[in-house]
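Read the figures in this text as sums done on the coordinates, not as results from a lab. Remember, predicted model here, so these are calculated numbers, not experimental data. Glycine also receives a Cβ, built like all others from the backbone with ideal geometry; neighbour counts cover every protein chain displayed.
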Amino acid sequence: MEVREAGDGAAAGELEQVPSKRYSWAEVRQAVHDLRKELSSLSTMVPMAISFRKLGNGKTRVYFLRTPQNGWEITLLYTDITHTLQPNNSRLDWKPLIESNIALGVSSGKWSREEQLLWERQRVAAWGIASYELHQSTGRVLFPCASSLFVAEEGTNQSPPLVPRSLNTGGGAALTPAMCPRAPTLVAHAARGDIWLAGGALQRPTRLTYACKGHEPDRLADDPRQAGVPCYVTQEEFSRYTGFWWQPKCDDDVFRIVYEEVDESEVKIFSFPSSQSVSGEVEEFRFPRAGTPNAKSTLKLVTFRLQKAASTTVLDYYQEGTAGTHSSAEFRSECMEATDIRWYEMRQPLKEVFPWFEYLARVGWTPCGKFVWVQLLDREQQRLELALIPLSEFSSPTSYVDAETPNSLPTHNEVKTEQQIQVLVSETAPDAWINVHDILYFLPSTEDKVSFIWASEETGYLHLYLITCGLQLTKPERARCNSQSSRQAVIEMIIDDETNAVGPNIISKEAITSGEWEVMDRKIWVDEARQLVYFVGLRETPLERHFYVAPLRGSAPITLLTTPGHSHTVDMDDECSTVVMTSSNISSVPCTRVYRVAHAAPPTPPTLLVQGTLMERNACDSSESRSFNGAWDSRGDGDEEGDTTLLVRERSLSGIEVPPPQILETRLSCGAAAYCTLWRCGRAGRSPTVLHVYGGPEVQTVTNSYKGIRQLRMHMLAARGFNVVAVDSRGSKHRGRAWEAAIRGKMGQVELDDQVEVLQWLAKETGCIDMERVAIHGWSYGGYLSLLGLATRPNIFKVCVAGAPVTSWRLYDTAYTERYMGLPARAPHAYSRASVLAHAPFFPEREGRLLIIHGLADENVHFCHTAALLAELVRLGKPHRVQVYPGERHSLRSMHAAKHYEATLLHFLHENL
């Protein structure tokens, strides 16, 4: 990596400008084909979704997803680790855990609409097994694939590769499946708008909720409720994809699942051309635009017991997919059924206790199984409360009209000791917004106190805190409102911003980390015995992720466990004894190694002892038979070895050697440091340049990590003779709250100011950018900024290529838009100022400067954004080009669409830049 500051290099104004050459469409298409073949060397599919399991022989088994050797579909692999006291850097032997994916139907193209939409929300871009769950003690593995649900487990006479067994789920795609922690043969999953139970020698799949009437997707108006499935904005904007949670442990024979029930009756329905057909069918989606009503969430509890089922038939046996595992006699003797199914609401619904709450951001159980915890956000996302709900709160029986078993039996949740809902943490951000995170770790607690590790941005940067709160017991004579009328009276008496719950009662709060840097917001690992906390953070530089360890209590310093100069992706087992780490930097491909955590006598901090290399390859090891659509998600940050001096050699144009990208640093006029990445085309002189922009919140594009195929198009543009620049402007992620909040109410303003300022500095500093021939290109938020760039700075940008652009924030969803812009009714002028439509009169009059690209079935940034802009451009007589991709959503997933887009982009740039 090369990080340079202003003044480190000289401008090269005397360099000659290389004239551009025009290419035919056929030539550009062939160039795309050739470059994709050559750039396949950028592919480094690193291990992802890593899990650990201790084996009986003392070894540690590491499970992960990756493409196998000579394969292209992601599958489940494993390797066994024998811990040693000496470092061992030899290559580990990894093998397939299950038989070939062909048996799973992966190649059949059998993927449901529900699965495709979930992938869109999760940004999953590869075929095969996208996720799995491992039960630690039994080794049972559960995974969805090709609209089916599979389990694989080692038996007394079977070892890997295992033959997966299909579960009978009762029809419909099984979404977000989860094994019961105390009985892993039981699997709950969401399907057709409700929660279902499968496996566990059940006689047949069992429907656990009846929120959805079961109408077809094109009849959403008659079916606004669903259970166990979060609404669109919860998935898209808060990254929560599941809507049900198993109780982790209990002291009786009752199984409990707390779940979210969503009512979308007030959310408007929109229709889009179907992604599955070109014959005129449409798909319906509920989508809350900014300022309109959201879905309403409630928490409920379903309970059931298992009992031996009545005699079944051989037909039932084969329908379960268990043939070859048990004899039919054994199956009949073990066949069970879920019985005594009951449903409970909270005595006081969340909306009564927290009248201001709008978004149910996170939900889970405490490890003891006695409490449910929730993270609640208000509509403006400037207030968050972490609350503890006692199990006894779910004691109001309820029922479903279509349920087969009425809720008329005595309750499963008898109230022994009443406790109030308790607020543990309350946070506000009046000048910005609150970023939801996943860091919450409960420590062993007592009946009257609870201790946990929590992350907060209260100092302006996300840091870890050890908090202890007192739990307040409720007196049995506490008055409650049971009738609907009295409940309504209580709601009317409560001020909208009040909370009708006790707390927070914080006894102590200690900072574990601090400083002007961030802890990564995904996961921490806690060694409770040694009182140590392991985490990933950005203390050394915002460009590199590093692994650290800190004492849970005390003043000992934080210890860096990784090497600067690289960025690291880390996974650790629950015992904090084994680490799998993928390391890279911008010019070296990823290397994945396994480490043992070695401890010395206190106060000496732990160290990492390498136990083997899981994956290591050079970028030149091409696999030319593979195909990529440019959206491949490697999920990793890189490799310590395999230094790559040449990432691309262009054959299709002139054989010029293209150097690796470099990171540069400058200081903005506002005084803050800004980072950018430069891909040089390799030619002498000033060359046409593409500012590849995203520029929006929640994203960091400039990091010292190897992104490989995820930056396919940057390398492709460089190979075709264009410099490429990417800038992280104010509003981007991992630079602190003040840096992010600079865009609040000002979308499309400060980002472009920073992008242009860095571009102009870079042109002067490097001398390789022809400022008379600069294009701006981006997708989604980047498409939005690209349009504004051309409309507001036509003297800077000669050409604009905007993909799937937002053109009016009034047309985008509530949670994202209102987080950064506020409510439309309260900030109408800010919305108008940020609208591309308002700037339509300022687009250039000359043809060949504007190209807009959009998928017709985009359910995220709807095609109406592009349609509204086109209508204005036509009305104003402005020249423009449009490329529409029927059947494509927000991401171009089909290979032919991806290749056509790349050819369209290159041809347009060659013609006009």
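Some points to look at:
- For peptides 203-214, 55-66, 874-885, sequence by mean Cβ density within 10 Å, most packed first: 203-214, 55-66, 874-885
- Highest mean packing first, where packing is the average number of other Cβ atoms within 10 Å per residue, the peptides 433-445, 227-239 line up as 227-239, 433-445.
- Under 5 Å from the amide H of Met48 lie the amide H atoms of Leu65, each residue being 5 or more positions distant or on a separate chain, with H modelled from the backbone and absent for Pro and chain starts.
- Ranked Asp80, Asp728, criterion: other C-beta atoms within 10 Å, fewest first: Asp80, Asp728
- Amide H contacts under 5 Å for Glu698: Lys733, restricted to partners 5 or more places along the chain or on a different chain, H placed in the peptide plane at 1.01 Å from N.
- Modelled spin labels at Arg553 and Glu427, positioned 7 Å past Cα toward Cβ, are 2.4 nm from each other.
- Fewest-first ordering of Ser137, Ser687 by other beta carbons within 10 Å of each residue's beta carbon gives Ser137, Ser687.
- For region 792-913, relative contact order (Cα pairs under 8 Å, six or more residues apart, normalised by length) works out to 31 percent.
- Taking 0.36 nm per residue of separation and subtracting the Cα-Cα distance, full extension of the segment from Ala183 to Asp251 would add 23.1 nm.
- Amide H contacts under 5 Å for Val690: Asn723, Val724, Val725, Ala775, restricted to partners 5 or more places along the chain or on a different chain, H placed in the peptide plane at 1.01 Å from N.
- Taking the Cα centre of region 755-913 as origin and assigning +1 to Lys and Arg Cβ atoms and -1 to Asp and Glu Cβ atoms, the resulting dipole is close to 240 debye.
- Pairwise FRET efficiency - Asp340 versus Val874, Cβ, R0 = 60 Å, nearest 0.05: 0.40
- For region 115-249, the spread of Cα positions along each principal axis, largest first, Å: 52, 35, 28
- Protection proxy ranking of 716-726, 337-347, 392-402, by the mean of other Cβ atoms within 10 Å over each peptide's residues and highest first, is 716-726, 337-347, 392-402.
- Within the shell defined by Cβ-Cβ distances under 12 Å, the residues around Cys469 carry a net charge of +1, with Lys and Arg each +1 and Asp and Glu each -1.
- Projected label distance in nm at Arg522 and Thr563, using a 7 Å step from Cα toward the beta-carbon: 2.2
- One way to sum up the overall shape of region 120-171 is the equivalent ellipsoid from its Cα gyration tensor, whose semi-axes run 23, 13, 10 Å, largest first.
- Dividing the mean sequence gap of close Cα pairs (under 8 Å, 6+ apart) by how many residues region 697-844 holds gives a relative contact order of 19 percent.
- HN-Hα J in Hz across region 514-526 - Karplus 6.51, -1.76, 1.60, θ = phi - 60°, x for Gly and Pro: 6, x, 8, 7, 10, 7, 5, 8, 9, 7, 10, 10, 10
- Cβ-based net charge around Ser508, under 11 Å, with every Lys or Arg adding one and every Asp or Glu removing one: +2
- Within straight-line cross-link reach of Lys899, lysines at Cα separation under 19 Å, skipping those fewer than 8 residues along the same chain: Lys37
- Neighbourhood net charge (9 Å Cβ-Cβ; Lys/Arg +1, Asp/Glu -1) for Leu614: +1
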